[in-house]
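Have a look at the structure below, then the notes.
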Amino acid sequence: MLLEILQSNDTQAIEQEISKRFVRNMEYFHKTSPELFDALKDEPKQYNLLINESGINIINLATSAPVYPLENGRSSMLRVNEELSQSPLKNEKWRIHSNGIYLDKLDESKLPITGEACNGFIDLLFKYGGIKEYFLSKDFLPCTSVYGLLGGLFLEFIRERGVFFHSLLIFEEDVEMFRISCYFVDYPALFASVSQGACYLFVKDLVNRFFIRSFFSRQKITNNFLRLEISLYDSPKMDSAKQIINEEYASNARGWGSFEDEMVGIGNTLQNLPDKKKKNYFLVNPKRVDMPICVVGNGASLDENLAFIKENQERMIIFSCGTALKPLKSYGIEPDFQIEIERTDYLHEYLEPVLGKTPLLCGNMVNPRALNLAKERYLFMRGGSASGYMFKSPYVMEFCAPFVGNAGFGLAAQLGNEVIMCGLDCGYIKGRSKHASGSAYGEEEASIPAGTMRVRGNFEHEVYSDALYLLSAQTFTQAINTLKPKVVLNLSEGAYIEGARPTKPHEFALKANKKSKFIKQIKSYFSEDHAVVFSDFRDDFCLGEVSEFKSQIQASLEAQIKSKKELFAWVDRVFEMSAKKSAKSPYVGILFEGSLAHICQNLMLAALHLPNNDVEGFFTEARALISTALDKMLLRYKMLASRY
């Protein structure tokens, strides 16, 4: 054991042991990361390992000062790292995040099937003597983030005690500091002590946002709460890394949906299909128009954008998103299209007094009562929801969640070369209300909700974001990178959107154009011909595939789960099964995906509150609840399929 060797003060034995570790690590990185291997071969210029009569330390070569202070003439490095390695979940030097997720009962009136299963886990928890605190065995740690290693002794001490990390993310900004850790941390053994593919290591450069997103999303449920974190030093680069990781961690928690919501969307879509009585047109073969499209959201900064929109309304096509409609019309602006994606009844109540002659451009799952208010009705198959993939339309619009502003922007980025963003604040602006004045939300206080984090503003304002806004900002950027409009100008005063240019209205001018020509062109991209819009009508309405997938999930419940570590791994397997199905057959996969995520998450939350590591009895009863929920889902789908 490394700790015993270091405590022996036998310099020869110490040097022999750490030299072997360094060679083994270099051989490992030569095979797995040649670029890192080359960097580690460079001679140290700022930091190096020091072993002398004071013990083991790290020396700053520029100042000759030890990194770890001396205590009575002895290096504190060994003592400090041994203390850091002790019981991380109870160690005050470590920080525990929970992503604001707590074990509360769901509203079964809204989620009768999903809620019944999740609430049943809470009842089981009381039966099995649940406690208020989380309990994990000493040999298992949840999602763990390490910022700065300073030699990494503590990490090796933890590993050598037989601790298994469910997932591990390490960021060390200094190559020489990481090089020193290679004398102590057995990296091949460390990677083997983490779930497969769940150990992410960043050295020197800022963490890559895409890889961080992958870190959380590949174990979306088990990495969604109870994240353990330690930071050994602070720096601007370290702060930036933490910001990215915290943002991706927060956004991972949103956008899950549920079986019940998906079924509402499917039912609405069936009612919205075109027939002889109703002229509903669906998007087919969209192309770009040579006129700017202005996407308008109902953020607080819309108030400053209204004058620009009114002055230029004949020089651009206006997409009003959701509740932006009322402020626009109150200011004398007539949008060219009103964008909606809501499944719910209250959409009808909002639109009825304000829609007027404005054409609706909606997601396929919009509530039929709301859709029927419009004289002109244009629909698109909305990606990300099960109903968007019904009958396999070749023209599914992605990047439409979580907000209606995302849907409007996705459409604009697909249909226009130039996109202008107004009132899409994507955050809370300090000193401002959440929405524009005069909107459907009435008077709002200018306050920043608890649990938000500061993000980069589009201009000089102080802007804060939460999980849902972070997810929205990510979706804007993904749409820009994928759909590639030539220009995206962001006039909003809220969060900075990567890929969009922060712009003030006075910094550009729009040319006069024949707007009616381009409106007509956009409308020509829609058809009421089923054969053009859809490519796969199945006689059984996918009942066979739905039933088969439900059986696959139920088969996974037969696993023997005895410990919380095994439960974490089982949840990852179920999520992987669900994600693969959603990728291969999104209609069926997404139908179940949201509820499976909620069920698995609440199952884990409940299990974490059990007072010991034995979850066998608890899981045996819990899987009966899950199996019953799956049976009820299939029964409800069969009832819908029989009407189809």
Residues in the range 594-635 that are open to solvent by 50 Å² or more (accessible area, probe 1.4 Å), in contact (Cβ under 8 Å) with a residue 12 or more places away in the chain and of a type in the set (Ser, Thr, Tyr) total 1
Is there a residue being assigned to a helix (DSSP H, G or I), touching a residue at least 12 places away in the same chain (Cβ under 8 Å), open to solvent by 10 Å² or more (accessible area, probe 1.4 Å) and within 19 Å of SER98 (Cβ to Cβ) anywhere in the range 258-265? no
Read through the list (1) over 27 Å from ARG432 (Cβ atoms); (2) touching a residue at least 24 places away in the same chain (Cβ under 8 Å); (3) buried (at least 22 other Cβ atoms within 10 Å of the Cβ), then give the number of the only condition that ARG288 fails. (3)
Could you please tell me which pairs satisfy a Cβ distance under 7 Å, a separation of 6+ or placement on different chains, a first residue in the range 214-226 that is farther than 13 Å from GLY197 by Cα and in a loop (DSSP other than H, G, I, E, B), and a second residue that is charged (D, E, K, R) and open to solvent by 10 Å² or more (accessible area, probe 1.4 Å)? THR222/ASP572
Say whether the condition of being buried (at least 23 other Cβ atoms within 10 Å of the Cβ) and over 21 Å from TYR233 (Cβ atoms) is met by at least one residue in the range 168-186. no
Among the residues of the range 62-109, count how many are of a type in the set (Ser, Thr, Tyr) and open to solvent by 50 Å² or more (accessible area, probe 1.4 Å). 5
Assess whether ILE497 counts as being part of a helix (DSSP H, G or I) and β-branched (Val, Ile, Thr). no
Starting from the range 576-593, take each residue that is closer than 14 Å to SER387 by Cβ and open to solvent by less than 30 Å² (accessible area, probe 1.4 Å) and list its partners that are in a helix (DSSP H, G or I) and among the charged types (D, E, K, R), counting only C-beta distances under 6 angstrom and pairs at least six apart or across chains. SER582/GLU593; VAL588/GLU545; GLY589/LYS581; LEU591/GLU262
So, of the residues in the range 465-502 that are polar (S, T, N, Q) and either without any contact (Cβ under 8 Å) to a residue 40 or more places away in the chain or under 17 Å from PRO402 (Cα atoms) (or both), which turns out to be surrounded by the most Cβ atoms within 10 Å (Cβ to Cβ)? SER472
Given LEU49, LEU36, which one is open to solvent by less than 50 Å² (accessible area, probe 1.4 Å) and in a helix (DSSP H, G or I)? LEU36
Subset of the range 1-32 that is farther than 19 Å from PHE157 by Cα and in contact (Cβ under 8 Å) with a residue 60 or more places away in the chain - its residue that is nearest to the chain's Cα centre (by Cα): PHE29
Could you please let me know if CYS362 is surrounded by 24 or more Cβ atoms within 10 Å (Cβ to Cβ), of a type outside the set (Lys, Arg) and in a loop (DSSP other than H, G, I, E, B)? no
How many of the residues in the range 158-167 are part of a helix (DSSP H, G or I) and either within 14 Å of ASN48 (Cα to Cα) or open to solvent by less than 10 Å² (accessible area, probe 1.4 Å) (or both)? 1
For ILE318, the lone unmet condition from (1) open to solvent by less than 50 Å² (accessible area, probe 1.4 Å); (2) in a helix (DSSP H, G or I) is (2)
Selection over the range 314-332 where residues are farther than 26 Å from SER472 by Cα and not hydroxyl-bearing (Ser, Thr, Tyr) yields a count of 3
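The values are calculated or read from the model by the stated rules, or taken from the named source; none is laboratory data. What you see is a predicted model; the values in this text were computed from it and never measured. Note that each Cβ is placed from the backbone with ideal geometry, even for glycine, and that neighbours are counted across all protein chains shown. In case anyone asks, the SASA skips ligands and DNA or RNA and just uses the protein heavy atoms, side chains included. Shrake-Rupley method; radii C 1.70, N 1.55, O 1.52, S 1.80 Å.
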